[in-house]
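Trainee: Here's a structure for you.
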Amino acid sequence: MKACNFRSTVVTVLMLCTGVAIMAASALTVEVKASRGLRLYVVDSRRPSAARDTMHRVFAASLGAAVSLRCGGPVEVRVKAVKPGEAKMNLGTGDCDAVLVLGDDRPVALRRLDAITLGAMLDPDAGVRPVYLIVGNGDPALRELLAAAFSSVLADRQFLKTMANAVEEPVLAGTLAAR
């Protein structure tokens, strides 16, 4: 009879502990807040200058406006100029949403990534200037949103005129091709 009492006591204690654990777990809440901003890292092969920084800000503002139109609310794009290795690491860890590459070609560090690379050509009067937007594969909705916004930015004549004035070089619309 004592074994039966011991067994019922153990079952009662286990049930009590399970109840306490369930109540404790239900008391814990997780609050998830969506960010209304995008983090854009820029890899630019040109020397740092005021014109270069202005070009980065103009592109970020135009990309933010295009994304905002698609999202139905304001979306801020924060821009930061970084080196290729830092851009690769931060895109891989999710610390940035996309990487914009301005220069003759993508740096070696940004060629083999689990990401989609969108490429376009900004055609100044003399020569061609490639531009790439690299977006990670982790979020398909963000990838599609940024691809559509990137295409809109490159087709926006007002943006291209502003960009040309910002860098003091004429910039005309180019073609968009996924790579």
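Trainee: At R0 = 45 Å, how high is the FRET efficiency between Ala141 and Thr9 if r is their beta carbon distance? Nearest 0.05 is fine.
Mentor: So the FRET efficiency works out to roughly 0.25.
Trainee: Okay, moving on. Take the Cα pairs of region 46-97, get the Kirkwood Rh, then feed it into Stokes-Einstein at 37 °C and 0.692 mPa s and tell me D in µm²/s.
Mentor: Taking Rh from Cα pairs, D becomes 265 µm²/s.
Trainee: 7 Å from Cα along Cα→Cβ at both Met121 and Thr93: what's the point-to-point distance in nm?
Mentor: The modelled label-to-label distance comes out at 3.8 nm.
Where a number appears in this text, it was derived from the coordinates with a stated rule and is not lab data. Fair warning: this is a prediction, and the values are worked out from it, not measured in the lab. Note that we place each Cβ from the backbone using ideal geometry, even for glycine, and neighbour counts take in every protein chain shown.
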